[in-house]
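One structure below.
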Amino acid sequence: TSRMSVKELLQSGDCGKEVEVKGWVRTKRGNKQVNFIALNDGSTINNIQVVVDMEKVAEEVMKKVTTGAAIHVKGLLVESAGSGQAREIQANEVIVMGEADPEKFPIQPKKHSLEFLREVAHLRFRTNIFGAVFRIRHAMAFAIHQYFNDHGFYYLHTPLITASDCEGAGEMFRVTTLDPKNPPLLEDGSVDFRQDFFGKSTNLTVSGQLEGELGAMSLGKIYTFGPTFRAENSNTTRHLSEFWMIEPEVAFNDLEDNMDLAEDFLKYLIRYALEHCMDDLLFLSKRLQEEEKDKKAEERSMELIEKLQFVLNHEFERVTYTEAIDILKNSKQNKNGKFQYPVTGWGVDLQSEHERYLVEKHFKKPVILTGYPKEIKAFYMKQNPDGKTVAAMDVLFPQIGEIIGGSQREEDYNKLVTRMQEVGIPVSSMSWYLDTRRFGSAEHSGFGLGFERLLLFVTGMGNIRDVIPFPRTPKNAEF
Ligand code: 4AD
Ligand code: MG
């Protein structure tokens, strides 16, 4: 057929040709003689204008052409006389495929709040804003595979059901096959959860890293890219119960190499967005400026595209945790009590307000923090000679705080086992992991990039629920 997408029509359709297009009505305006339909099919943020001569199309049909209706248009593609789009369709025929009763369809051609759209999350895809966000989400996923493929990494699929807890934080969703009405019981009458998974205790993975290390210690360079789960009852604009993580792991890389990889990777993705998603970025940028126009100048965020270019053009500042604590302790924000959690001294874990202070107020560029106290980091991180810190690295971004967490891994079998015992990780059930340190152990490093945190940054959206199609947060799992 001669049916084309709106994107194809706008970019490559030949003017003067008969074309067909199917899509959803965004708006309709006009008078008794002529109607103008803005039509969108999701292929691009841009609509194609359909001009309807009311002598050619029955009034009953045009009555059903309302916002949200699915229509099929046949007509002539012509140069547009008006400003805006370069092309439009002069309709010969309009067929209404699916009506959308204006009394009932919740998405109307006006500005809806993001809160309202979250309530009709199953329909929010039909808005410009979510179309833009999810096209960018696709582009970023594609770019991630492109980057790693171009750099000799292999995509490793790690399991979602596992018996281990990579981060050791106990934030796991139990996977169970037990019959809640008739579960196996322990002697004291409580449920024997050790039998969860047909006789074994299991949970949804919090990270694919441990399995990723096995891959790196054989394939050299691997990455994972899949859903991960955290049973953390936190309701913030930065946390999801189910989020996607990208975890590269590289044999023979030390912490320095790991930082270089993280910086190069993030910059590649941002450059990719600027080169491939400009229409959607411009739309989101305009929307943000609109939203912030009532704010005081100093509260307004940097213009979206400028902000992306800014990160591209600056070397990330590499700072130790110890230096960061000194900066934070002595900052005005800390002394005047403007931090919600004052920085009392060495050893405290950093909150996102501290991370953002370092990035936005102090260094004014992305920061990579290294050398965290071992007590606040996971068991697998390489211990530094000082006995107090580990070769950890967190990449901190403006507006986001932590976007990446990673480290060089402890490759020494004895040191690793000792650390596991100290923090109470059952060594006996981890022999599969420890074998990487028993046979051909070598230094290796990796990190995890939170996919939705990346998308928050690239799209400028303020809430992580708005960059994943079906957000999972505590108590929110309907569709
Ligand atoms: O810092 P995290 O917990 O690190 C790991 O899981 C390591 N195993 C990664 C590795 O070294 N291979 O998580 C990594 C990143 C964070 O920096 C953050 O961007 C994101 O995952 N993240 C979350 N994103 C959304 N919701 C949550 N609840 C998140 N928790 C972590
Ligand atoms: Mg972390």
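Just so you know, all these numbers are worked out from the coordinates, no wet-lab data involved. It should be emphasised that the depicted structure is a prediction, and the values quoted were computed from it without experimental measurement. A quick note on method: Cβ atoms are made from the backbone with ideal geometry, for glycine too, and the neighbour counts reach across all protein chains shown.
The alpha-carbon of residue 338 sits under 27 angstrom from the alpha-carbons of these lysines, leaving out residues fewer than 8 places away in its chain: 293, 295, 296, 307, 329, 361, 364, 365, 377. One Cα centroid belongs to region 379-443, the other to region 56-132; the line between them spans 53 Å. For region 343-459, the dipole from Cβ point charges (+1 on Lys and Arg, -1 on Asp and Glu) about the Cα centre works out to 140 debye, to the nearest 20.
If only the Cβ of Lys and Arg carry +1 and only the Cβ of Asp and Glu carry -1, the dipole of the chain around its Cα centre is close to 1300 debye.
Sites listed here are trypsin sites (Lys or Arg not before Pro) in region 98-128 whose DSSP assignment is loop and whose Cβ has at most 12 other Cβ atoms within 10 Å: 104, 110, 111.
Legend: residue pairs 286/335; 181/475; 374/475, Cα-Cα distance threshold 27 Å; pairs beyond threshold, 286/335; 374/475.
When only alpha carbons are used to place a centre, region 272-318 and region 345-373 end up 22 Å from one another.
Among residues other than residue 49 with Cβ under 13 Å from its Cβ, the summed charge is +2 (Lys and Arg +1, Asp and Glu -1). Of all DSSP bridge pairs formed entirely within the chain, close to 85 percent run antiparallel. Total lysine pairs in region 6-110 at Cα distances under 21 Å, for residues eight or more apart or on different chains: 28. Applying 0.36 nm per residue to the separation of residue 31 and residue 477 and subtracting their alpha-carbon distance, the gain on full extension is 156.0 nm.
Karplus-derived 3J(HN,Hα) values for region 36-50, using 6.51 cos²θ - 1.76 cosθ + 1.60 with θ = phi - 60°, are 10, 10, 8, 10, 9, 10, x, 6, 7, 5, 7, 9, 9, 8, 10 Hz; glycine and proline are entered as x. The magnitude of the dipole of region 6-110, with charges of +1 and -1 set on the Cβ of Lys/Arg and Asp/Glu and taken from the Cα centre, is near 340 debye. In units of the rule-of-thumb radius 2.2 N^0.38 Å, the chain shows an alpha carbon radius of gyration of 1.16. If R0 is taken as 41 Å, the Cβ-Cβ distance between residue 414 and residue 233 corresponds to a FRET efficiency of 0.65. When each of 349, 188 is scored by the number of other beta-carbon atoms lying within 10 Å, the sequence from fewest to most is 188, 349.
By the count of other C-beta atoms within 10 Å, a proxy for reagent exposure, 429, 241, 80 are ordered fewest to most as 429, 80, 241.
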